[in-house]
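Input: a single structure, listed below in structure tokens.
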Amino acid sequence: MGYSTLLFLHVLGAFTLVASVGLFLAIMLAVRRQPDTLVAQRMLPTARVLWAVGGLSALVFGIWLAIHVSQYSLTDGWILGAIVLWVIASAIGGRISAGYKNLGDGSLAQSEALVTHGLLVLSVLLLLLDMIYKPGAG
């Protein structure tokens, strides 16, 4: 695969990841408003699939790009930072996804859900900023 294709798939994965974060936020807000909302229950499978596909494709194609492009190395600080941020975001996203198992019980209406979703947004935002600005890259 060429550079343009790899970059496109990597960025598409990132957009998918961001879209899933938006859906998770929408689900949280819907559940906080009405714990047994049918809309949240219907959005959840899509959010989970987007999260898994976006996260995995962003990681796989990002690593592939780092190997494919001679000016990058997997040991570059900004690439290692992106991988660490990806692991953090994945752990938080997994916790959120698992927390939605029982949407109707109102367990997500607590302030912990707000903090967890906020941490997810922050970690994905930092990941995007790291990818855009490549701090420390020559």
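The values are calculated or read from the model by the stated rules, or taken from the named source; none is laboratory data. None of these values were measured; they are calculated from a predicted model. Every residue, glycine as well, gets a Cβ built from its backbone with ideal geometry; the counts of neighbours run over all protein chains shown.
Among the residues of segment 26-53, the ones that are at pLDDT 95 or above and in contact with a His (Cβ under 9 Å, 6 or more places away or on another chain) come to 0 in all.
Checking every residue in segment 7-14 against the condition of being within 13 Å of the chain's Cα centre (by Cα), in contact (Cβ under 8 Å) with a residue 12 or more places away in the chain, assigned to a helix (DSSP H, G or I) and surrounded by fewer than 18 Cβ atoms within 10 Å (Cβ to Cβ) gives at least one match.
Selection of first residues in segment 73-96 that are touching a residue at least 40 places away in the same chain (Cβ under 8 Å) and more than 20 Å from residue 11 (Cβ to Cβ) and of second residues that are among the hydrophobic types (A, V, I, L, M, F, W, C) and buried (at least 20 other Cβ atoms within 10 Å of the Cβ), restricted to Cβ pairs under 7 Å at least 6 apart or on distinct chains, gives the following pairs, ordered by first then second residue: 96/24; 96/120. The residues of segment 15-49 that are touching a residue at least 40 places away in the same chain (Cβ under 8 Å) and among the hydroxyl-bearing types (Ser, Thr, Tyr), listed by number, are 16, 20, 37. Under the condition of being at pLDDT below 75 and either closer than 24 Å to residue 86 by Cβ or exposed (fewer than 11 other Cβ atoms within 10 Å of the Cβ) (or both), the residues counted in segment 109-138 number 2.
Quick check: is even one residue across segment 23-35 under 22 Å from residue 5 (Cα atoms) and either part of a helix (DSSP H, G or I) or touching a helix residue (DSSP H, G or I) at 6+ places or on another chain (Cβ under 6 Å) (or both)? There is no residue in segment 23-35 that is under 22 Å from residue 5 (Cα atoms) and either part of a helix (DSSP H, G or I) or touching a helix residue (DSSP H, G or I) at 6+ places or on another chain (Cβ under 6 Å) (or both).
Output the residues belonging to segment 73-84 that are surrounded by 16 or more Cβ atoms within 10 Å (Cβ to Cβ) and outside any helix (DSSP H, G or I). Within segment 73-84, just 76 meets the criteria. Just wondering, is there one or more residues in segment 4-13 that are modelled with pLDDT of 95 or more and within 18 Å of residue 93 (Cα to Cα)? The answer is yes, given that some residue of segment 4-13 is modelled with pLDDT of 95 or more and within 18 Å of residue 93 (Cα to Cα).
Residues in segment 57-71 that are surrounded by fewer than 17 Cβ atoms within 10 Å (Cβ to Cβ) and in contact (Cβ under 8 Å) with a residue 60 or more places away in the chain: 64, 68, 69, 71.
Here residue 56 qualifies as assigned to a helix (DSSP H, G or I) and either of a type outside the set (A, V, I, L, M) or modelled with pLDDT of 95 or more (or both). All of 21, 49, 31 fail the test of being within 25 Å of residue 131 (Cα to Cα) and surrounded by 14 or more Cβ atoms within 10 Å (Cβ to Cβ), apart from 21.
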